[in-house]
Amino acid sequence: MRYFVTIGTRVLEVELGPQGVRVEGEDVVADLAEMDGTEVRALLLGGKSHRILVGREGPGDWSLYLSGRRLQARVLDERRQAIQKLTGMGLGGGGPKALRAPMPGLVIKVEVKEGDQVVPGQGLVIVEAMKMENELRAEGEGRVGRVLVAAGQTVEKDQVLVEFEAPEDHTEKGPEG
């Protein structure tokens with residue numbers, strides 16, 4: 001089965017079949033396993049082991065937390081990819097997604113305030129969970145709309161921590177509108 005995985009602006013073609021895994025036409029040695037029925041996955045990729053916290057946000061939409069970094073991924077099979085191309089669905093639009101807590105925890109520090117412009121990878125909130133501090137980072141560029149938590153506050157899994165403003169149209173409009 002062939003899938004198209006979008007992370008940021010990059011789209012990867014991933015094939016899963018009896019011969020194994022191929023990414024962008026190249027064979028990849030990979031293994032993914034659940035850890036004790038949690039949302040944490042053990043990924044063995046290219047001889048390196050990684051722990052990833054996986055959260056499903058909707059059909060085909062996933063939040064991935066790897067080494068304190070948040071990544072948004074969209075996974076479409078061939079059929080859905082073709083339908084979206086034909087209809088123009090899923091292209092741009094929607095604005096930045098809110099930052100959500102990947103698991104229950106305690107907010108240690110909020111690193112941004114309303115109105116701040118953020119860049120991809122910038123730290124937003126530090127949450128302590130399972131005796132580990134996790135810096136949750138911006139997945140893309142945007143402006144902070146609202147900060148909904150403060151240091152010392154406990155949060156639940158999937159609770160919205162930071163909302164972003166929808167991108168504004170910065171083009172100047174002429175007399176026609």
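The values are calculated or read from the model by the stated rules, or taken from the named source; none is laboratory data. The model shown is predicted, which means the values in this text are computed figures rather than measured ones. Every residue, glycine among them, receives a Cβ derived from its backbone with ideal geometry; neighbour counts consider all protein chains shown.
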>> Considering only residues that are surrounded by 15 or more Cβ atoms within 10 Å (Cβ to Cβ) and either within 16 Å of VAL75 (Cβ to Cβ) or modelled with pLDDT of 90 or more (or both), which ones fall in region 40-56?
In response: ARG41, LEU43, ILE52, VAL54, GLY55
>> For region 32-66, give me the residue count where each residue is under 18 Å from PRO104 (Cβ atoms) and part of a loop (DSSP other than H, G, I, E, B).
In response: 5
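Among what's in region 142-153 and is of a type outside the set (A, V, I, L, M) and in a loop (DSSP other than H, G, I, E, B), pick the residue that is surrounded by the most Cβ atoms within 10 Å (Cβ to Cβ). Write out each step before concluding.
At the first step, the residues of region 142-153 found to be of a type outside the set (A, V, I, L, M) are 142-143, 145-146, 152-153.
Pick out the ones that are also in a loop (DSSP other than H, G, I, E, B) and you get 152-153.
Numbers: GLY152: 9, GLN153: 14.
Looking at residues that are of a type outside the set (A, V, I, L, M) and in a loop (DSSP other than H, G, I, E, B), I get GLN153.
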>> Being within 19 Å of the chain's Cα centre (by Cα) and basic (Lys, Arg) is the filter here; which residues of region 122-145 pass it?
In response: ARG137, ARG143
> Tell me, which strands (runs of 3 or more DSSP E) wholly within region 67-141 include 1 or more residues that are more than 22 Å from VAL155 (Cβ to Cβ) and either among the small types (Gly, Ala, Ser) or modelled with pLDDT under 85 (or both)?
Replying inline: 69-77
> Would you pick out the residues in region 1-39 that are loosely packed, with under 14 Cβ neighbours inside 10 Å, touching a Leu at 6+ places or on another chain (Cβ under 7 Å) and in contact (Cβ under 8 Å) with a residue 24 or more places away in the chain?
Replying inline: MET1
>> With the structure loaded, tell me whether GLU156 is loosely packed, with under 13 Cβ neighbours inside 10 Å and either modelled with pLDDT under 90 or outside the structural domain of LEU64 (by TED's automatic domain parsing) (or both) or whether it fails that test.
In response: yes
